[in-house]
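**Q** Please see the structure below; I have some questions.
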Amino acid sequence: MENKDNETKLRLEEDIQAVSFLKNQLGGYSYVRYSRTDLLNDDSILTGASVLNDANYFNNPDEVIRYFEKARHYSDEVTIASFIDYVKDLLENGDTDGANPKVVDSWLTDYEIRFATDTTMDLDDVLEGLKSDLTLYE
Amino acid sequence: MNKTQMNKLIEAVKEGLSDFADGQELVPAPNQDELRFPECPTWNTKGKGYYNFHIVYWTSRDSYANHGSDRVSMPSKDRWATFQVTHEMGVGEVTKTSTVTIKDKVINITTTVTVDNGTYSNSVGMYMHQVEMTEIWSKTDWYTLFVNAITRGV
């Protein structure tokens with residue numbers, strides 16, 4: 001039981017490390033957050049399609065067509081996909097500000113999967129929840 | 001893919017068009033002899049609609065000992081087809097190109113989606129499907145599955 005608790009504690013600590021890193025990056029991130037108006041512009045629509053494709057957002061060609069039909073409705077998704085793209089670049093360049101790249105990458109993969117259905121995920125809330133869970137093991 | 005199998009795929013698209021297209025028809029290219037590969041049968045949709053088809057049954061390939069534009073005929077088992085569906089979008093032309101082969105009654109479909117706005121062409125994904133040419137309730141059961149795969153990609 002103690003071993004299992006230790007494993008859970010370690011996983012929580014790793015998640016906290018990853019989310020803190022992402023939260024800090026998001027705070028200082030100077031990219032343009034995509035708004036509905038941005039996604040009325042052809043260049044932004046095309047860039048948005050590329051980042052969503054890179055983040056494996058589209059499940060089939062029909063979803064790609066639906067995106068092109070109403071790209072302005074995808075501002076949250078394009079914003080998150082762009083951020084994921086940006087963080088992946090940081091990880092590739094080893095620019096992780098002391099955080100373990102593997103831990104961040106693993107959490108990011110999870111985040112990437114979740115963002116398809118939960119684009120409003122708030123990293124502050126996630127961090128608070130993780131810290132609260134960690135107190136149970138201390 | 002032999003000629004009979006290709007004809008079945010064409011029949012499937014024609015049936016699909018009669019269901020969802022308003023007055024669109026699939027017809028053989030009128031100027032087949034003047035096409036770049038006249039030996040490869042080609043079909044297009046007549047009239048503009050949501051799904052605009054361009055279909056080619058590839059019966060020849062470049063010669064391996066390629067001298068310029070030498071083409072050689074392929075045996076029917078090696079023949080394949082491309083089903084191209086184009087949508088006119090505000091941002092440009094979005095094209096779904098499905099490469100179709102058939103082996104042991106299984107249709108293998110690989111679809112790439114590209115967007116072309118006149119300035120550049122960019123790939124926005126690749127998807128794969130398989131459809132079994134089996135009869136469950138009627139001989140055309142798989143027609144719908146095949147047409148869904150090359151149009152909506154589901």
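The values are calculated or read from the model by the stated rules, or taken from the named source; none is laboratory data. None of these values were measured; they are calculated from a predicted model. Backbone-built Cβ (ideal geometry, glycine too); neighbour counts: all protein chains shown.
**Q** Of all residues in segment B:1-57, how many are over 24 Å from B:Ser76 (Cβ atoms), among the aromatic types (Phe, Trp, Tyr) and over 14 Å from the mean Cα position of the chain (by Cα)?
**A** Within segment B:1-57, residues that are over 24 Å from B:Ser76 (Cβ atoms), among the aromatic types (Phe, Trp, Tyr) and over 14 Å from the mean Cα position of the chain (by Cα) number 2.
**Q** Looking at B:Asp78 and the list (1) at pLDDT 90 or above; (2) at positive phi; (3) more than 10 Å from chain A (Cβ to nearest Cβ), which single condition is not satisfied?
**A** Of everything listed in (1) at pLDDT 90 or above; (2) at positive phi; (3) more than 10 Å from chain A (Cβ to nearest Cβ), B:Asp78 misses just condition (2).
Condition check ((1) over 15 Å from the mean Cα position of the chain (by Cα); (2) at pLDDT 85 or above) across all residues:
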residue: A:Arg11; (1), (2): yes, yes
residue: A:Ile16; (1), (2): no, yes
residue: A:Lys23; (1), (2): no, no
residue: A:Asp38; (1), (2): yes, no
residue: A:Ile45; (1), (2): yes, yes
residue: A:Ile65; (1), (2): yes, yes
residue: A:Ala71; (1), (2): yes, yes
residue: A:Ala81; (1), (2): no, yes
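**Q** With in contact (Cβ under 8 Å) with a residue 60 or more places away in the chain and surrounded by fewer than 15 Cβ atoms within 10 Å (Cβ to Cβ) as the only criterion, which of B:Asn31, B:Asn2 stands out?
**A** B:Asn2
**Q** Pull out all pairs, ordered by first then second residue, where Cβ-Cβ is under 8 Å, the residues are six or more apart or on different chains, the first lies in segment A:42-56 and is closer than 12 Å to A:Tyr67 by Cβ and facing another protein chain (nearest Cβ under 9 Å), and the second is among the β-branched types (Val, Ile, Thr) and assigned to a helix (DSSP H, G or I).
**A** A:Ala49/A:Val64; A:Leu52/A:Val78; A:Asn53/A:Val64
**Q** Here's a check for you: in segment B:112-146, which residue that is more than 18 Å from B:Met1 (Cα to Cα) and among the acidic types (Asp, Glu) is farthest from the other protein chains (Cβ to nearest Cβ)?
**A** So the residue we want is B:Glu135.
**Q** Is it the case that B:Arg71 is within 27 Å of B:Gln24 (Cβ to Cβ) and away from chain A (no Cβ under 14 Å)?
**A** When the stated conditions are applied, B:Arg71 does not pass them.
**Q** Go through segment B:20-100 and tell me which strands (runs of 3 or more DSSP E), entirely inside it, have 2 or more residues that are closer than 30 Å to A:Val64 by Cα.
**A** B:25-28, B:42-46, B:52-58, B:80-89
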